[in-house]
Amino acid sequence: MATTIALPFFATDIPAALPSKAQIDASPDLVDNFKDRRIVGVGEHFVVKYGGHVNLLEGENLIFLRQNTNVRLPRVYALYSIIAEERRPIYYIVMERIHAQTLVSLWPELSDLEKQSIIATLRENLKQVRRLPPPAHYSSLGGQPLLHVLFDSNQSEFTNGGPFDNDDTLIAAL
């Protein structure tokens, strides 16, 4: 299926030179590793999500939402892949690093009024996303297959993630 942007993607408005593979590999994890995926902070400007279990569609989704809503999201600076020594692809999403405390760490200390304000902002963000016109079928962005464990299998006859034209074809694929 077609992507919504040309890949590899490199933004023109980056704040510094993109980090090298060595810089990325040596950077500290921001969250716990999961399967074959790391999320690291690289210097002052970048967060990089990378690994064999990263899908560049996540970056495409961020770009799409930044272009079509007012939801505050990190900028995507690069989407690309390389072939590792083991002859398998490693996918990279290079994003804007936003220096702030996480909501999970702040929440216990917030007043009820502050919590209500945050909830109202999240509600408005979700409303903006829900106002986007739906596609004519069940699919990921650009008609790409749905990314879900239900459509992920080692069996060749069970790899259809869509797009699906209607409810019946979606249900049949499940």
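The values are calculated or read from the model by the stated rules, or taken from the named source; none is laboratory data. From a predicted model like this one, the values you see are computed outputs, not experimental measurements. Counting neighbours? That spans all protein chains shown, and the Cβs are built from the backbone with ideal geometry, glycine included.
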Legend entry - Complete set of residues in region 48-58 that are assigned to a strand (DSSP E or B) and not hydrophobic (A, V, I, L, M, F, W, C): Lys49, Tyr50, Gly51
Legend entry - Given (1) without any contact (Cβ under 8 Å) to a residue 24 or more places away in the chain; (2) within 15 Å of the chain's Cα centre (by Cα); (3) in a loop (DSSP other than H, G, I, E, B), number of the condition Val71 does not satisfy: (1)
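In region 19-58, how many are of a type in the set (A, V, I, L, M, F, W, C), out of contact with any strand residue (DSSP E or B) (no Cβ under 6 Å at 6 or more places or on another chain) and modelled with pLDDT of 95 or more?
Going through region 19-58 one residue at a time, the tally reaches 2.
Hey, among Arg75, Arg88, which residue is touching an Asp or Glu at 6+ places or on another chain (Cβ under 6 Å), in the same structural domain as Val42 (by TED's automatic domain parsing) and either farther than 25 Å from His45 by Cα or basic (Lys, Arg) (or both)? Please lay out each step first, then the result.
On the way: Arg88 fails: touching an Asp or Glu at 6+ places or on another chain (Cβ under 6 Å).
Exactly one of Arg75, Arg88 is touching an Asp or Glu at 6+ places or on another chain (Cβ under 6 Å), in the same structural domain as Val42 (by TED's automatic domain parsing) and either farther than 25 Å from His45 by Cα or basic (Lys, Arg) (or both), namely Arg75.
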Inset, instruction - May I ask you to list pairs of residues, at least six apart or on different chains, whose Cβ atoms are under 7 Å apart, with the first in region 31-59 being without any contact (Cβ under 8 Å) to a residue 24 or more places away in the chain and the second being among the polar types (S, T, N, Q)? - result: Val40/Ser27
Inset, instruction - Can you confirm whether region 25-47 contains a residue that is among the β-branched types (Val, Ile, Thr), within 15 Å of the chain's Cα centre (by Cα), surrounded by 13 or more Cβ atoms within 10 Å (Cβ to Cβ) and part of a helix (DSSP H, G or I)? - result: no
Inset, instruction - Kindly indicate whether any position in region 99-117 is under 15 Å from the mean Cα position of the chain (by Cα), more than 29 Å from Pro134 (Cβ to Cβ) and basic (Lys, Arg). - result: no
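At pLDDT 95 or above, in a helix (DSSP H, G or I) and within 17 Å of the chain's Cα centre (by Cα), is that true of Leu65?
Working: at pLDDT 95 or above: yes; in a helix (DSSP H, G or I): yes; within 17 Å of the chain's Cα centre (by Cα): yes.
Yes; evaluated as a whole, the condition is true for this residue.
Being exposed (fewer than 10 other Cβ atoms within 10 Å of the Cβ), more than 30 Å from Phe9 (Cα to Cα) and hydrophobic (A, V, I, L, M, F, W, C) is the requirement here; does Leu170 meet it? Walk me through how you get there before you give the answer.
Working: exposed (fewer than 10 other Cβ atoms within 10 Å of the Cβ): no; more than 30 Å from Phe9 (Cα to Cα): yes; hydrophobic (A, V, I, L, M, F, W, C): yes.
Criteria not met by Leu170.
If I filter region 94-153 down to residues being part of a helix (DSSP H, G or I) and touching a residue at least 60 places away in the same chain (Cβ under 8 Å), which single residue comes out as farthest from Pro74 (Cα to Cα)? Break it down stepwise before answering.
Within region 94-153, the subset part of a helix (DSSP H, G or I) is 103-109, 112-130, 141-143, 149-151.
Imposing the further condition that a residue be touching a residue at least 60 places away in the same chain (Cβ under 8 Å) reduces the set to 129, 141-143.
On the way: Val129: 16, Leu141: 18, Gly142: 21, Gly143: 24 Å.
Ranking the qualifying residues of region 94-153, first place goes to Gly143.
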